[in-house]
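What follows is a set of notes on a single structure, which appears directly below.
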Amino acid sequence: MSAELDEKTERLCRVAAERNVAGILISAQPNFAWLSCGGSNGVDLSREDGVASLLVTNDGDRFILASRIEMSRMLSEQVAVGDFEPVEFAWQDAKAEADLNARLAARIAGGSVVRDSEIDAVIARCRYSLTPDERDRYRGLGQDASEALVRTAGSIAPGQTETEIAESLRHELGNLGMTSVAALIAADERIANFRHPVPTCMQWERRLLLVTCARRGGLIVNLSRMIQVGKVDEDLDQKTEATAYVSASLMHETRKGKTGSQLYEVAASAYEERGFAGEIDLHHQGGATGYRTRDWVAHPACSESVQPWQAFAWNPSVTGTKVEDTIIVTDDRVEMITHTDGWPDIVTVIDGESYASAGILTI
């Protein structure tokens, strides 16, 4: 982990120098996971900040700040021994002083310290380019999440409710060390009616949409899969092929330097080419991912640009169907990390390049 941690430390030191501060204090759960190379400071997941903070000073020293309740667990399970010098305090002091971490961090750093919550967009950009170790962990996460979807598909049956299916999905993810930070399940007409189908007690009869944002070690992969009982009708087949074309068009154009607004136009043009121009107004198309389900979403005014080795999850949809996978931008192409063996593919060829999207699994 040392090379990865050293690179991330250097990125934060540059931020400290640009801001003319003595250090950067990391407390948000996604940022802690990123800097600790897969650790977690989460206990109460309803809060943005976790129960421990990481400090990087402008000269590259690293510290972990936590109360006596949490420090031993942090050092045993969440950060590598020797990577962060511990600074422990009484939990009573933390309750009495809301800004205790920031005060201690400033004293340690010997000057003013900026918290990640104050420069959220800047810290997010530090996360965008994945290190080699992160890419390896991400690939493993993508394959395991895909496997969990296959296992879920094999364990469920028509007649079950959406909430029961959601629990099956969470169970399969959990067996492989993942949690689902979002699990959307739609049965039959709910697929067409709602773009964000939070599971209900509705029973599945013919058609099913499974969506998960699966997290492990802080990293998140996003994928959606469709299941059909019996033969897929021609209308659904046409809509899914069109959705796969939009996804392939986005993957083809996700290259270093492309802006979110340019990628939005790629999606808009692809929908229009397939005769579904209005669908882009019914849901966003996805965008950059990593330690959040989306760091930014492509839209007409988006000025964010694609970075090398950045992860993206595109999720185009045509009413009644959806395609979603997670990719990593490489030097000259994109790498799909959530391809699902055992699931039918829709292969789209653009400028001689082939892109596979998940089709509809029939049972």
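Nothing in this text is a laboratory measurement; each read-out follows from the coordinates by a stated rule. For clarity, every value in this text was computed on a predicted model and none was experimentally measured. Methodologically, a virtual Cβ is constructed for each residue, glycine included, from the backbone with ideal geometry; neighbour enumeration extends over all protein chains shown.
Label-to-label distance for Phe194 and Ala157 is 2.6 nm, based on points extended 7 Å past Cα in the beta-carbon direction.
Between Ser117 and Glu10, the FRET efficiency from the beta-carbon distance, with R0 = 35 Å, is close to 0.95.
Give a quick list of trypsin sites (Lys or Arg not before Pro) in the stretch 169-215 that DSSP marks as loop, anything other than H, G, I, E or B, with at most 13 other Cβ atoms within 10 Å. Show your work: numbers first, answer last.
Values: sites: Arg170, Arg190, Arg195, Arg206, Arg207, Arg215; in loops: Arg195, Arg206.
Here the sparse-neighbourhood loop sites are Arg206.
Farthest toward the positive end of the dipole of the chain, out of Val329, Gln310, Ser36, is the Cα of Ser36, where the dipole comes from beta carbon charges about the Cα centre. Of all beta bridges that DSSP places with both ends in the stretch 2-128, some 55 percent have antiparallel geometry. In loop segments of the stretch 290-363 as defined by DSSP, the trypsin sites (Lys or Arg not before Pro) with at most 15 further C-beta atoms inside 10 Å of their C-beta are Arg333.
Residues within the reach of a label modelled at Gln92 (point 7 angstrom out along Cα to beta-carbon, backbone nitrogen below 20 Å), restricted to the stretch 47-82, are 66-72. Taken as Cα centroids, the stretch 13-30 and the stretch 281-330 sit 27 Å apart, rounded to the nearest whole angstrom. If you take all other residues with their beta carbon under 13 Å from the beta carbon of Arg190, and give Lys and Arg +1 and Asp and Glu -1, the sum is 0.
Fewest-first ordering of Thr319, Thr348 by other beta carbons within 10 Å of each residue's beta carbon gives Thr319, Thr348.
Dividing the mean sequence gap of close Cα pairs (under 8 Å, 6+ apart) by how many residues the stretch 132-362 holds gives a relative contact order of 21 percent.
Where Lys and Arg each count +1 and Asp and Glu each count -1, what net charge lies around Trp314 among other residues with Cβ under 12 Å from its Cβ?
Values: positive: Arg294, Lys322; negative: Glu253, Glu324, Asp325.
Within the 12 Å Cβ shell, the charges total -1.
Ratio of Rg to Rh for the stretch 211-288: 1.02 [Cα atoms; Kirkwood radius as inverse mean 1/r over pairs]. Charge dipole (Cα centre; +1 on Lys/Arg Cβ, -1 on Asp/Glu Cβ; no other charges) of the stretch 3-68 amounts to roughly 140 debye. Think of the chain as a dipole: +1 on every Lys or Arg Cβ, -1 on every Asp or Glu Cβ, centred on the Cα centre; then among Gly177, Gly342, Ser354, Gly177 lies furthest on the positive end.
Between His299 and Arg73, what length comes free when the chain is fully extended (0.36 nm per residue of separation minus the Cα-Cα distance, one decimal in nm)?
On the way: separation 226, 0.36 × 226 = 81.36 nm, distance 4.19 nm.
Roughly 77.2 nm would be gained on extension.
Dipole orientation for the stretch 35-156: of the candidates Phe89, Cys126, Ala109, Cys126 has the Cα lying most toward the positive pole (charges on Cβ; Lys, Arg +1; Asp, Glu -1). Taking K and R as +1 and D and E as -1, what net charge do the other residues with C-beta under 11 Å from the C-beta of Ile64 add up to? Residues near Ile64 contribute -3 overall. Each part reduced to its alpha carbon centroid, the stretch 212-248 and the stretch 101-139 end up 34 Å apart.
Highest GNM mean-square fluctuation among Glu324, Glu48, Glu241, for the chain modelled with Cα contacts below 10 Å: Glu48.
What size of dipole, in debye to the nearest 20, comes out for the chain about its Cα centre when the only charges are +1 on Lys and Arg C-beta atoms and -1 on Asp and Glu C-beta atoms? Please report the intermediate quantities before stating the final value.
Working: 36 positive and 55 negative charges, 111 e Å.
I would put it at about 540 debye.
Treating each Cα of the chain as an identical point scatterer and ignoring solvent, apply the Debye formula and state log10 I(q)/I(0) at q = 0.06, 0.14 Å⁻¹. With one equal scatterer per Cα and no solvent, log10 I(q)/I(0) is -0.25, -1.12.
Were the residues from Asp44 through Asp133 laid out at 0.36 nm apart, the gain over their Cα-Cα distance would be 29.3 nm.
Using only alpha carbon pairs under 8 Å that are at least six residues apart, calculate the relative contact order of the stretch 156-209 and give it in whole percent. The partial results should precede the final answer.
On the way: 74 pairs, mean separation 24.8, N = 54.
In percent, rounded to a whole number, it is 46.
In the chain, helical runs assigned H by DSSP with n ≥ 4 each contribute -39500 (n - 2.57); averaged across all residues and rounded to the nearest 500, the mean residue ellipticity at 222 nm is -11000 deg cm²/dmol. Maximal additional length on extending the Asp99-Leu176 stretch stands at 24.0 nm, based on 0.36 nm per residue less the C-alpha distance.
Determine, for the chain, the count of lysine pairs separated by eight or more sequence positions (or lying on different chains) whose alpha-carbon distance falls under 22 Å.
Working: Lys8/Lys256; Lys231/Lys239; Lys231/Lys322; Lys239/Lys322.
So the count works out to 4.
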